[in-house]
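Shown next, in C-alpha cells, is the structure this report addresses.
The values are calculated or read from the model by the stated rules, or taken from the named source; none is laboratory data. No experiment lies behind these values; they were computed from the predicted model shown. Glycine gets a Cβ as well: all are built from the backbone with ideal geometry, and neighbour counts include every protein chain shown.
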Amino acid sequence: MRGNTIIATESQLGRTKNDGVISRPSLMKELIARGIRITTQRRLLVQIIQDSPRHLDAAKLLEIAKERDAGIDRSTVYRTIGLLKGQGLIDELDLMHLEGEKHYYEAKTNRDHCHLACFRCGAIIEYASPAFEKLKDEMAKRGDFAIRVVRLEAGGFCRRCRKAAHSEPA
C-alpha cells in the first residue's frame, strides 16, 4: 500500500473533545496467554504486524519478513494470518480496494473505528468518535440486534492530497 496509517479522533480532526485513544493489545502476550506455540518465524510475523505504522497485505508482510529472515515463505505468512484471525486478534479489511482486490490486516483495537482511505496517496486514517459509538448503540437498539463487529470505510482525499491538487496547474 502506498500510504501510512494515521490514527485520529474527533479532537485531532478538529471536531470534539477526545474521549479515548485507539490502542492495540500485545499480540504476542495474547498468543502466549492462550498457549499458542511461538516459533521464531511466527514471532517475527507477529512483531511486524504489531509494529507496522500501516495496514499490511500478505504480500507486503512477506516482503518485510524476508528482509529479516530469507527462509520465511508465503505459506508461513498465510498460516500465521489464519491463526491470528482465528484467535480474533487481527481484523481483515478491504480498505476500498485501494490496490485491487487486496486484503489488509491490522491488530484488533480496544475500540471500533472507521477507516478513511485516500484514493490518491493510499493513506488510511483510523477515526474513532463518541458519535460513532452513539450510532452503533442506536443501530443495536432500533434493530434489536447484538452487534459484534462494525466495518465502516469512507474513500476520498486526505488534506495533503487536496492541497496538492489545488496547487497543480489545470
For this session: Could you check, for the range 54-64, whether at least one of its residues is of a type in the set (Asp, Glu) and either more than 23 Å from Asn110 (Cα to Cα) or under 17 Å from the mean Cα position of the chain (by Cα) (or both)?
Result: yes
Seminar exercise, completed: In the range 85-113, anything modelled with pLDDT of 85 or more and either in a loop (DSSP other than H, G, I, E, B) or surrounded by 16 or more Cβ atoms within 10 Å (Cβ to Cβ) (or both) is listed as Gln87, Gly88, Leu89, Ile90
Problem set entry | Which numbered condition Glu63 misses (of (1) in the same structural domain as Thr39 (by TED's automatic domain parsing); (2) in contact with a helix residue (DSSP H, G or I) (Cβ under 7 Å, 6 or more places away or on another chain); (3) over 21 Å from Arg34 (Cα atoms); (4) modelled with pLDDT of 85 or more) | (2)
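Would it be correct to say that Ser167 is hydroxyl-bearing (Ser, Thr, Tyr), surrounded by fewer than 15 Cβ atoms within 10 Å (Cβ to Cβ), more than 25 Å from Asp51 (Cβ to Cβ) and not assigned by TED's automatic domain parsing to the domain that holds Arg34?
Taking the combined requirement at face value, the residue satisfies it.
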Exercise. Could you list, in sequence order, the residues of the range 128-152 that are over 10 Å from Asp112 (Cβ atoms), in a helix (DSSP H, G or I) and modelled with pLDDT under 90?
Worked result: Pro130, Ala131
Exercise. If we scan the range 127-139, do we find a residue that is in contact with an Asp or Glu (Cβ under 6 Å, 6 or more places away or on another chain) and over 26 Å from Val46 (Cβ atoms)?
Worked result: yes
Exercise. Which one of Ile38, Ile49 is surrounded by 14 or more Cβ atoms within 10 Å (Cβ to Cβ) and at pLDDT below 95?
Worked result: Ile49
Problem set entry | Residues of the range 114-153 satisfying the condition of being surrounded by 16 or more Cβ atoms within 10 Å (Cβ to Cβ) and of a type in the set (Asp, Glu) | Glu126
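Taking the residues in the range 7-35 that are modelled with pLDDT under 65 and not in a loop (DSSP other than H, G, I, E, B) as candidates, determine which candidate is surrounded by the most Cβ atoms within 10 Å (Cβ to Cβ).
Thr9
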